[in-house]
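Q: Got a structure here, written out as structure tokens. Questions coming.
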Amino acid sequence: DWKVRLKYMYGKFILPGENLWITEPNVEFGLVHGPWFDFEEHINNYRMQGTMFIERNGVLNSADAGITFAGLFGKKLSQDYLDRVSSKYPGTFGSFAFGLYNGGGYHAAETNQNKVFASRLTLRPLGPVFPGLQLSHFFLSGKGNSADEPDWMLNAFMASFEHEYLVLTAQYATGKGNQKGNELKPDGDSKKHQGLSGFAEIKLPWIQSSLIGRLDWFEWDDVQSTRLILGYAYYIYKKNFLLLDIDRVNYPDTQKPDDWQVKLTLQVAVL
């Protein structure tokens, strides 16, 4: 049969009150971006390889019905930085986003009346002197999307660096429960989780290419997994590129066999 599933369907409005400290304040309502993944995916451009670290491990996905408030700290960075490095979330001293959401995500019906609060705070500690460095915190609190309403909480911290030729991120996440509300102990309490992730991209613009690597470690109540991703991207035109990658997952404490994937993926971006 056929099913129609929308990921985003929202209205976005620029809010009044811009000043020296907060610029481009805005609000989205409807089926909206959450505070975290849109930010992370504009640092790690390889979402088409697979989902980001937190989503890949079943904690949360990227969109939900709700409302998101966002803005920049300080004026925009120089046009030279926007052109050479990144034009996304370009506040001189960082950016922020926070909101209230149904909690089921864009691909599931809501099964309880709980609402989930989520927020992101990002600082550029050295401002325009060293704009590539950002320190971010992501927080989430609510109940999993099941009738039993198990606890769901997440704290994630990320240090990132962006340069014309190099991107680096390091991330740590800890919490309990998940969006689906199905990561539970035998007594019905939410499982605890923690994980680490590192990502690197070496850009080679003279041959229209990039080399990428990512290493994830994640643990659900002592059940661990480790993922290694290595890839080569050839850029055809701007964000249109081919990615050849190897994706290997290891489960050291279980009888599950390693999972290997080799993929060739074309990303088509309408510019």
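Q: Read through the list (1) under 17 Å from the mean Cα position of the chain (by Cα); (2) under 17 Å from Leu123 (Cβ atoms); (3) of a type outside the set (Val, Ile, Thr); (4) in a strand (DSSP E or B), then give the number of the only condition that Leu72 fails.
A: (1)
Q: I'd like to verify a number: residues in region 247-265 that are under 21 Å from the mean Cα position of the chain (by Cα) and free of Cβ contacts under 8 Å to residues at least 60 places away in the same chain, how many? Show your work before the answer.
A: Going through region 247-265, the residues under 21 Å from the mean Cα position of the chain (by Cα) turn out to be 247-249, 265.
With the extra rule that they be free of Cβ contacts under 8 Å to residues at least 60 places away in the same chain, the set shrinks to 248-249.
Residues meeting the conditions: 2.
Q: Okay, next question. Pick from region 111-162 the residues that are in contact with a His (Cβ under 7 Å, 6 or more places away or on another chain) and free of Cβ contacts under 8 Å to residues at least 40 places away in the same chain: which of them is surrounded by the fewest Cβ atoms within 10 Å (Cβ to Cβ)?
A: Here the residue is Phe157.
Q: State yes or no: is Leu168 modelled with pLDDT of 95 or more, more than 23 Å from Gln194 (Cα to Cα), within 20 Å of the chain's Cα centre (by Cα) and open to solvent by 50 Å² or more (accessible area, probe 1.4 Å)?
A: No: the conditions fail for Leu168.
Q: Taking region 215-246, which residues are over 26 Å from Lys191 (Cα atoms) and free of Cβ contacts under 8 Å to residues at least 40 places away in the same chain? Before you say what the answer is, go through the steps one by one.
A: If we filter region 215-246 for residues that are over 26 Å from Lys191 (Cα atoms), which is where we start, we get 229-246.
Leu230, Tyr232, Tyr234, Tyr235, Ile236, Tyr237, Lys238, Asn240, Phe241, Leu242, Leu244, Ile246 - these are the residues of region 215-246 that are over 26 Å from Lys191 (Cα atoms) and free of Cβ contacts under 8 Å to residues at least 40 places away in the same chain.
Q: Residue by residue through region 161-197, note down the ones that are part of a strand (DSSP E or B), touching a Gly at 6+ places or on another chain (Cβ under 8 Å) and small (Gly, Ala, Ser).
A: Within region 161-197, Ala170, Ala173, Ser190 meet the criteria.
Here's the yes/no breakdown for (1) farther than 17 Å from Val116 by Cβ; (2) open to solvent by less than 40 Å² (accessible area, probe 1.4 Å):
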| site | (1), (2) |
| --- | --- |
| Val4 | yes, no |
| Phe13 | yes, no |
| Glu18 | yes, no |
| Val27 | yes, yes |
| Val32 | no, yes |
| Asn57 | yes, yes |
| Thr68 | no, yes |
| Gly74 | yes, yes |
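Q: What tally of residues in region 134-149 results from selecting those that are hydrophobic (A, V, I, L, M, F, W, C) and modelled with pLDDT under 95?
A: Number satisfying all stated conditions: 1.
Q: For region 228-244, which residues satisfy the criterion of being of a type in the set (Ser, Thr, Tyr) and over 18 Å from Ala200 (Cα atoms)?
A: The one that is of a type in the set (Ser, Thr, Tyr) and over 18 Å from Ala200 (Cα atoms): Tyr237.
Q: Which residues, counting only those in region 177-189, are open to solvent by 50 Å² or more (accessible area, probe 1.4 Å) and in contact (Cβ under 8 Å) with a residue 12 or more places away in the chain?
A: Answer for region 177-189, where residues must be open to solvent by 50 Å² or more (accessible area, probe 1.4 Å) and in contact (Cβ under 8 Å) with a residue 12 or more places away in the chain: Lys180, Asn182, Leu184, Lys185, Asp189.
Q: Report whether or not Tyr106 is closer than 23 Å to Lys176 by Cα, open to solvent by 30 Å² or more (accessible area, probe 1.4 Å), assigned to a loop (DSSP other than H, G, I, E, B) and touching a strand residue (DSSP E or B) at 6+ places or on another chain (Cβ under 6 Å).
A: Values: closer than 23 Å to Lys176 by Cα: yes; open to solvent by 30 Å² or more (accessible area, probe 1.4 Å): yes; assigned to a loop (DSSP other than H, G, I, E, B): yes; touching a strand residue (DSSP E or B) at 6+ places or on another chain (Cβ under 6 Å): yes.
Answer is yes for this residue.
Q: Which number in (1) part of a loop (DSSP other than H, G, I, E, B); (2) under 15 Å from the mean Cα position of the chain (by Cα); (3) surrounded by fewer than 19 Cβ atoms within 10 Å (Cβ to Cβ) marks the one condition that Met48 misses?
A: The number of the failed condition is (1).
The values are calculated or read from the model by the stated rules, or taken from the named source; none is laboratory data. Keep in mind that this is a model prediction, so the values were computed, not measured. Virtual Cβ from ideal backbone geometry, glycine too; neighbours counted across all protein chains shown. Only protein heavy atoms, including side chains, enter the accessible area calculation; ligands, DNA and RNA are left aside. Shrake-Rupley method; radii C 1.70, N 1.55, O 1.52, S 1.80 Å.
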